[in-house]
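A.B. asks: I am attaching a structure below and will ask some questions about it afterwards.
The values are calculated or read from the model by the stated rules, or taken from the named source; none is laboratory data. If you're wondering where the values come from, they're calculated on a predicted model, not measured in any experiment. Cβ placement follows ideal geometry from the backbone for every residue including glycine, while neighbour counts extend to all protein chains displayed. The protein model used for the area step is the full one, side chains on, heavy atoms only, and it has no ligands, DNA or RNA in it. Shrake-Rupley method; radii C 1.70, N 1.55, O 1.52, S 1.80 Å.
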Amino acid sequence: MVNAGDMNGSGNLMDFLDEPFPDVGTYEDFHTIDWLREKSRDTDRHRKITSKSKESIWEFIKSLLDAWSGWVVMLLIGLLAGTLAGVIDLAVDWMTDLKEGVCLSAFWYSHEQCCWTSNETTFDDRDKCPQWQKWSELLVSQSEGASAYILNYFLYIMWALCFAFLAVSLVRVFAPYACGSGIPEIKTILSGFIIRGYLGKWTLLIKTVTLVLVVSSGLSLGKEGPLVHVACCCGNFFRSLFSKYSKNEGKRREVLSAAAAAGVSVAFGAPIGGVLFSLEEVSYYFPLKTLWRSFFAALVAAFTLRSINPFGNSRLVLFYVEYHTPWYMAELFPFILLGVFGGLWGTLFIRCNIAWCRRRKTTRLGKYPVLEVIVITAITAIIAYPNPYTRRSTSELISELFNDCGALESSQLCDYINDPNMTRPVDDIPDRPAGPGVYTAMWQLALALVFKIVITIFTFGMKIPSGLFIPSMAVGAMAGRMVGIGVEQLAYHHHDWIIFRNWCRPGADCVTPGLYAMVGAAACLGGVTRMTVSLVVIMFELTGGLEYIVPLMAAAVTSKWVADAFGKEGIYEAHIHLNGYPFLDVKDEFTHRTLATDVMRPRRGEAPLSVLTQDSMTVEDVETLIKETDYNGFPVVVSKDSERLIGFAQRRELILAIKNARQRQDGVVSNSIVYFTEDPPELPPNSPHPLKLRRILNLSPFTVTDHTPMETVVDIFRKLGLRQCLVTRSGRLLGIITKKDVLRHMAQMANQDPESIMFN
């Protein structure tokens with residue numbers, strides 16, 4: 001520090017920002033990060049570590065640890081995500097069966113596990129064993145009859161209501177961010193938005209527990225989407241242990257991209273599909289290094305889940321299947337029809353669900369989330385119980401619909417009339433006429449399909465964890481199985497038709513209804529989410545067969561084309577826009593011929609732009625400007641007369657810098673001059689100490705001219721992840737364009753409400 005008298009001389013004034021102070025470089029909640037700045041900070045950090053590593057062995061070891069920290073984080077994410085997924089699968093299996101009965105030998109066994117351990121189970125009655133008792137058998141010693149049915153029906157509803165009430169209460173009290181799928185918010189966070197607490201430890205704990213409860217309650221939702229959120233919470237926890245990731249928001253998002261891949265890997269048992277899902281669907285910035293690490297995290301997660309073996313079938317998912325019959329070119333027509341159905345269902349679902357969610361947000365309905373969950377659960381349980389295809393868990397339903405009918409299958413869907421003289425291998429059973437069980441199953445599936453379509457619209461978006469992958473796949477699988485059975489019976493009874501004559505002879509195994517169910521599931525999931533490449537890879541990883549890629553591709557592409565004809569938004573983008581998040585989708589096209597001057601602020605009739613001058617404002621002036629405005633930052637100019645641009649100062653860093661200067665630097669008072677230049681300005685004698693803030697000044701803010709086309713500006717914001725862009729003409733500041741301004745302009749050009757973009 002120097003005396004006031006020699007301030008104008010040597011210029012050796014201390015810049016207190018030479019030493020870092022707490023919270024500098026951080027962002028406020030519900031604001032967007034500056035990608036360029038984060039990238040620059042990481043480059044500086046890496047350069048510093050590299051130069052220090054040559055000084056000593058210890059510094060060299062530290063540089064190696066820094067380089068390997070990314071792989072260690074991926075390993076930890078994979079281990080924890082795989083473990084949590086296995087625990088969730090085991091708990092869901094037990095609690096779903098708990099609604100119908102209990103195992104007397106060990107109450108923590110599910111129905112299947114209970115009968116595995118029994119020595120009195122026969123192959124024909126493998127679902128029945130004395131150790132497993134329904135509630136009616138346990139309470140009133142009756143397994144058949146009206147009274148037993150009514151008691152089981154009542155207890156099924158009570159258990160469902162109990163699970164749902166407990167779940168919504170836990171979410172409401174302990175972790176409000178644990179509700180929903182989580183993927184729309186993950187996409188927004190990965191694009192650079194800050195939502196503090198969304199990936200916190202409480203959210204991880206409550207989402208894991210409540211996910212088990214809501215899936216077990218029988219609601220029309222899945223655990224696959226929320227598992228991505230759970231995995232990202234794991235990633236956020238482990239990255240906080242390493243300063244490389246905890247102090248840089250850009251690097252943090254690389255970890256979260258890999259964690260999302262691990263989440264899909266354990267959700268579907270599809271490590272490669274998980275990496276592609278993260279790349280295609282959720283990630284905003286995905287460098288090659290992140291691709292490798294995502295693959296490693298997905299691999300470790302899948303290996304961990306396989307080690308736990310939650311389904312007891314040595315597979316990663318419940319509905320793993322293998323088909324033994326090839327598909328034929330003539331079948332492409334029904335596959336494409338299923339793609340059309342998937343696209344139409346996706347469009348219907350998105351429009352109806354968004355309309356219902358908007359109604360929930362804008363009416364009194366949103367004030368009663370617990371009541372809404374209870375009512376939807378009660379309706380679901382009451383309607384679902386009488387139909388065997390809606391009573392069971394949705395994953396088990398999909399597993400049965402995907403299955404090929406072998407000689408040992410006992411499902412109603414496999415109740416065909418067999419030829420008593422048939423002597424063929426088990427895996428090569430010819431097409432047969434449908435029996436009464438198949439016809440019963442068909443109308444039950446038709447009712448279940450209508451019920452699933454309607455109830456899913458009202459279930460997705462409630463204040464509980466709710467995934468959309470499994471309900472969408474169930475809708476498609478039911479439609480596909482019915483189409484498959486129809487084609488199979490058509491080929492059997494009319495094998496002399498020209499379309500069947502060349503490839504379906506009498507006694508041949510021509511049509512696999514389970515394959516149609518799988519194609520229908522892919523089509524409906526694609527119609528809702530608009531996934532293509534990752535969807536096909538996930539589906540063929542589920543089935544273990546490369547032979548069926550073409551039918552899956554045909555259905556996925558058709559469903560996307562049909563759905564895109566009615567609107568480009570998938571369900572996750574629609575929910576992002578509904579919530580007003582500042583998400584600049586790379587898939588959106590901007591074709592309007594507007595200029596930067598049309599979008600920048602201030603506009604005509606508005607107050608002039610709030611700016612800082614390089615060396616003529618006092619601390620009090622700066623504090624008053626901050627207090628009277630809510631801008632994220634301020635351009636710094638030479639003077640208000642010339643308005644020649646010097647740089648850009650962030651609001652948060654100005655506040656922190658002034659606060660720390662008052663605490664740590666003697667002589668800084670309200671009328672101290674704030675300067676952003678290298679040397680202090682010339683001041684009269686006995687003036688208070690000036691405050692140098694050059695270190696927080698961004699000397700190279702991104703600028704465009706006022707005649708830059710908005711198409712170029714939008715592209716710059718997308719590809720560089722900017723928060724704001726300054727508009728100049730010949731070096732003179734004219735205005736500013738923020739990310740919110742860009743999004744509002746795009747909404748206005750698309751005839752949407754620009755005020756729906758609520759956050760910065």
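A.B. asks: Across the stretch 607-649, what is the number of residues that are touching a residue at least 60 places away in the same chain (Cβ under 8 Å) and surrounded by 17 or more Cβ atoms within 10 Å (Cβ to Cβ)?
C.D. replies: 14
A.B. asks: If you don't mind, there's one more thing I want to ask. Can you tell which of I696, I716, I673 is β-branched (V, I, T), open to solvent by less than 20 Å² (accessible area, probe 1.4 Å) and within 27 Å of Y27 (Cα to Cα)?
C.D. replies: When all the criteria are applied, what remains is I696.
A.B. asks: Would you be able to tell me the number of residues in the stretch 44-75 that are of a type outside the set (G, A, S) and open to solvent by less than 50 Å² (accessible area, probe 1.4 Å)?
C.D. replies: Residues in the stretch 44-75 being of a type outside the set (G, A, S) and open to solvent by less than 50 Å² (accessible area, probe 1.4 Å): 5 in total.
A.B. asks: Filter the stretch 143-160 down to the residues that are out of contact with any Phe, Trp or Tyr (no Cβ under 8 Å at 6 or more places or on another chain) and buried (at least 18 other Cβ atoms within 10 Å of the Cβ) and list them by number.
C.D. replies: Matches in the stretch 143-160: A148, W159, A160.
A.B. asks: List pairs: first residue in the stretch 265-284 and under 14 Å from I183 (Cβ atoms), second residue at pLDDT 90 or above and open to solvent by 10 Å² or more (accessible area, probe 1.4 Å) anywhere in the structure, Cβ distance under 6 angstrom, at least six positions apart or on different chains.
C.D. replies: E280/V533
A.B. asks: Test V209 against the stated conditions and say whether it is crowded, with 24+ Cβ neighbours inside 10 Å, assigned to a helix (DSSP H, G or I) and in contact with a helix residue (DSSP H, G or I) (Cβ under 7 Å, 6 or more places away or on another chain).
C.D. replies: Here the answer is no, as V209 does not meet what is asked.
A.B. asks: What tally of residues in the stretch 225-236 results from selecting those that are in contact (Cβ under 8 Å) with a residue 40 or more places away in the chain and surrounded by fewer than 24 Cβ atoms within 10 Å (Cβ to Cβ)?
C.D. replies: The number of residues fulfilling the criteria is 0.
A.B. asks: Turning to a different aspect of this structure: If we scan the stretch 485-497, do we find a residue that is at pLDDT 90 or above and either part of a loop (DSSP other than H, G, I, E, B) or in contact with a helix residue (DSSP H, G or I) (Cβ under 9 Å, 6 or more places away or on another chain) (or both)?
C.D. replies: Yes, some residue in the stretch 485-497 is at pLDDT 90 or above and either part of a loop (DSSP other than H, G, I, E, B) or in contact with a helix residue (DSSP H, G or I) (Cβ under 9 Å, 6 or more places away or on another chain) (or both).
A.B. asks: Report yes if K207 is modelled with pLDDT of 95 or more, touching a strand residue (DSSP E or B) at 6+ places or on another chain (Cβ under 7 Å) and not β-branched (V, I, T), otherwise no.
C.D. replies: Yes: the conditions hold for K207.
A.B. asks: With respect to R364, is the statement that it is in contact (Cβ under 8 Å) with a residue 60 or more places away in the chain and open to solvent by 20 Å² or more (accessible area, probe 1.4 Å) true?
C.D. replies: Answer is no for this residue.
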